Amino acid sequence: MSAHRPSVVIVGAGPRGIGLIERIAANASELYAGSGLDLHLVDPHPPGAGRIWRAAQSPLLWMNSHAEDVTMFTDETVAMAGPVAEGPTLHEWAGIDGRTFADRQLQGTYLRWFYERAVAALPPSVTVHHHPRRALRVSGPREGRQQVWLEDRPRPLLADLVVLALGHLDAELDQEQGQLAAYAGEHGLVHLPPDFTADSDLSPLAPGEPVLVRGFGLAFVDLMVLLTEGRGGRYDGDTYVPSGREPVLYVGSRRGVPYHAKIGYDWTGERPPLPRFFGPAEVDALLARPEGFDFRRDVWPLVEKELGFAHYHRLFTVHPERTAVDWSVFEEKYAAEGDPSGRADLVASAVPDPADRLDLAALDRPLEGVRYGSFEEFQEGLRGYVEGDLGRRHDRAYSPDLAVFLGLLSVYGQLVRLGDIGPWWHGFFSCLASGPPGPRLRQMLALSRAGVLKFLGAGLTVVAEDGVFRASSATVPGCSVEARALVEARLPEPTVGRARDPLLRELHADGAAETPEGLLRVDPADGRVLDRAGRPHPRRFALGPYTDSRTPGAFTRPRTGGPAFRQNDATARAALLFLRELAGCAAA
Ligand SMILES: Cc1cc2nc3c(=O)[nH]c(=O)nc-3n(C[C@H](O)[C@H](O)[C@H](O)COP(=O)(O)OP(=O)(O)OC[C@H]3O[C@@H](n4cnc5c(N)ncnc54)[C@H](O)[C@@H]3O)c2cc1C
């Protein structure tokens, strides 16, 4: 008999932490029957919903996924060793229309239900304990039991294994943010650094006052909602009726446009046969290169070819009338053409309408090289752009766009094996595949027409000078806007070194390795934390957006092979095998 009852501590009880519990339950009968186990779940927020999906937040905040595209359950498309355990998507579970953008509170309820179901599926010998507090530190030798120190607890939890599922991290200010904050302090300005918007105190943003906002992604949408409807404004059809308590938002970013609208129709018909040009064999070849690989030089051309394949497969098979040759002819030439400019010539000769050609650079940077003479003209121009994007993304005639979306998911699933390949890819992916719900973009247009929202353009720069913040952009050269408030509408960078959480900083100080971008390095096979010599820690695991095995950072769509599910399964199995061996040693 073991000298102690085996114990696992999971820090973080959001979707990732509870997904791991579900996988432990699914694999326990095969890998770990009988010896008993204490599962300690540490999170100040309620298990399931965790911080992001907790009930205590504004009901105005929505998910940016259709309810039918959100599942916590595996299916046979997930390439994993453990058993599939099917269950309902959010819309099936909640009995709502699959096209609904549910509010975050509802998603939290689904997650709570999923958590309770996962706990109920654990063998009777496994007991779950929730500790509603923060974990501060993990200590202990590589070869021995770990101690997990909790806030306001003099004694640590003892753990044979520790799994960190910490999610999105709060961060200390970087140099630029620190300088802006100091300037704001000296001059009585308001500066809100990168943060989880639902947790920010927005009360310093005064009614009628101009506010510069840097960032046009999903954090901006949350900010926009909280400062408009959240302050008593309402929509009368396509018209915004202000409450008078809104500030005036001036938004810009590197791209200067919002992310592309969420696609508003379902897939029908044959899926593009993916992977085709970027699959396991190509990833194996990249990993086998003794000299390593460079994303732009070696990986991106494969990604580009794969996304083009998805796009043209759909166009040629569903809209042959918009093409000039047969698919079989095009496909053969496309496959044989290794050079991107050769492929562009092929496309130009076979696809007459430029609107039917895939131009990834233009999709990524629609304002590149575009100039306006004044901010007034640009407002009109950007509204036109958003209307065009909304129209296209809700028009089935452009379903090759949805094929590209499927291509992006497929590519992401492959890229995960290469470790983190840098922030550019994540931004590109989010802009194309993780944009706001159509209704949010329509609200943006209404707010723009009401004068509550103004667009600044691309290549945004903000300087602190003359006692104010001053913003200018490449889109409207020679013009600038001044304000006494600046909001950085984005999540903090997920870097280990600047994490405000002492847990990760200490882990780093204790030898855990990070990538040049500051992500925690983990073993792609099972999520074990790597040290600076590349050795996996036998007893410490990490999953989630702050690791170099980060996945698309969204809930899994049914039947898309969810890499996060695959990772959860691998980590659960590695943990159970370790515990089994431990029990075997103790019994021997
Ligand atoms: C604002 C926002 C909106 C999003 N909206 C969508 C969406 O609409 N659709 C979609 O598909 N994806 C969305 N995402 C992506 C989202 O990241 C994932 O869906 C999911 O929440 C990630 O799960 P997680 O468990 O890894 O992290 P989290 O949900 O962040 O959970 C991590 C948990 O760890 C806990 N924790 C952290 N540190 C400690 C510590 N030291 N001690 C104890 N507990 C700790 C936190 O309290 C938290 O509850 C959104 C993300 C954000 C930030």
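Here, each number is a calculation from the coordinates, and none is a lab measurement. These numbers come from a predicted model, not from an experiment. Virtual Cβ from ideal backbone geometry, glycine too; neighbours counted across all protein chains shown.
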For the pair Arg396/Glu482, report the inter-label distance in nm, with labels modelled 7 Å from Cα in the Cβ direction.
5.5
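How many percent of DSSP beta bridges within the chain run antiparallel, rounded to 5?
Details: 27 of 61 bridges.
Here the share of antiparallel DSSP bridges comes out near 45 percent.
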If you take the Cα Rg of the chain and divide it by 2.2 N^0.38 Å, with N the number of residues, what do you get?
1.00
If each of His319 and Asp201 carries a label point 7 Å out from its Cα toward its Cβ, how far apart are those two points in nm?
5.2
State log₁₀ I(q)/I(0) for the stretch 231-276 at q = 0.13, 0.24, 0.33 Å⁻¹ as given by the Debye formula over alpha-carbon point scatterers of equal weight, solvent excluded.
-0.65, -1.04, -1.09
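Hey, can you rank 312-325, 342-355 by average C-beta count inside 10 Å, highest first? Please list the in-between numbers first.
Values: 312-325: 17.6, 342-355: 14.7.
Per-residue mean Cβ counts within 10 Å order the peptides as 312-325, 342-355.
Under a point-charge model restricted to the Cβ atoms of Lys and Arg (+1) and Asp and Glu (-1), what is the dipole moment magnitude of the stretch 1-134 relative to its Cα centre, in debye to the nearest 20? Write out the running numbers ahead of the final one.
Values: 11 positive and 13 negative charges, 146 e Å.
The dipole of the stretch 1-134 has a size of about 700 debye.
In debye to the nearest 20, how big a dipole does the stretch 438-588 give about its Cα centre with +1 on each Lys and Arg Cβ and -1 on each Asp and Glu Cβ? Before the final figure, lay out each step's value.
Details: 22 positive and 16 negative charges, 135 e Å.
So the dipole magnitude of the stretch 438-588 works out to roughly 640 debye.
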Euclidean distance of C-alpha centroids, the stretch 314-329 and the stretch 333-408, integer Å
18
Shape of the stretch 291-369, Cα gyration tensor, a/c cut at 1.5:
oblate
For the stretch 432-588, convex hull of alpha carbons as volume per residue, Å³:
190
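Of the listed peptides 437-444, 54-61, what is their order by residue-averaged count of other C-beta atoms within 10 Å, with the highest listed first?
Numbers: 437-444: 20.2, 54-61: 14.9.
Top to bottom by mean Cβ count within 10 Å: 437-444, 54-61.
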Between the helical axis of 400-415 and the dominant principal axis of the chain, each derived from Cα atoms, what acute angle in degrees is found, rounded to the nearest 10?
40
Of the options Leu441, Leu315, Tyr546, report the single residue whose Cα projects farthest towards the positive end of the charge dipole of the chain (beta-carbon charges: Lys, Arg +1; Asp, Glu -1).
Tyr546
Among Pro83, Ser328, Gly451, the residue whose Cα sits farthest towards the positive end of the charge dipole of the chain (+1 at Cβ of Lys and Arg, -1 at Cβ of Asp and Glu, taken about the Cα centre) is Pro83
Which far-off residues, 5 or more places away or on another chain, put their amide H under 5 Å from the one on Leu166, with H placed in the peptide plane?
Leu543
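Going by the alpha-carbon gyration tensor, a ≥ b ≥ c the square roots of its eigenvalues, is the stretch 84-180 rounded (a/c under 1.5) or, if a/c is not under 1.5, prolate (a/b greater than b/c) versus oblate?
Details: a/c = 2.73, a/b = 1.24, b/c = 2.21.
Judged from the Cα gyration tensor, the stretch 84-180 comes out oblate (a/c at least 1.5, b/c at or above a/b).
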So how do 213-223, 330-340, 448-458 stack up, highest first, on mean other-Cβ count within 10 Å?
213-223, 448-458, 330-340
Counting only residues 5 or more apart in sequence or on a different chain, those whose built amide H sits under 5 Å from that of His537 are Val529, Leu530, Asp531
Could you give the angle, 0 to 90 degrees to the nearest 10, between helix 375-393's Cα long axis and the longest principal axis of the Cα atoms of the chain?
60
Given Ser203, Val251, Gly237, which one lies farthest toward the positive end of the charge dipole of the stretch 175-253, if we put +1 on the Cβ of every Lys and Arg and -1 on the Cβ of every Asp and Glu?
Gly237
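Let me know the whole percent of all Cα-Cα pairs from the stretch 336-468 that are separated by more than 21 Å. Working shown, then result.
Values: 5089 of 8778 pairs.
Tail fraction, whole percent: 58.
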If every Lys and Arg gets +1 and every Asp and Glu gets -1 at its Cβ, then about the Cα centre the stretch 217-258 yields a dipole, in debye to the nearest 20, of 200
Could you tell me which GluC sites (Glu not before Pro) in the stretch 72-164 are loop residues by DSSP with no more than 10 other beta carbons within 10 angstrom of their beta carbon?
Glu76, Glu86, Glu143
What is the Cα centroid distance between the stretch 57-125 and the stretch 485-554, reported in whole angstrom?
26
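What value, in deg cm²/dmol to 500, does the helix sum -39500 (n - 2.57) over DSSP H runs of n ≥ 4 give at 222 nm once divided by the residues of the chain?
On the way: 16 runs with 207 residues, N = 588.
Roughly -11000 deg cm²/dmol at 222 nm, from the helical runs in the chain.
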Taking the chain as the reference, fit the longest principal axis to its C-alpha atoms, fit the long axis of helix 563-587 to the helix C-alpha atoms, and give the angle between the two in degrees, 0 to 90, nearest 10.
10
Amide H neighbours of His394 at under 5 Å, excluding residues fewer than 5 places away on the same chain, with H built from the backbone geometry, are Gly264
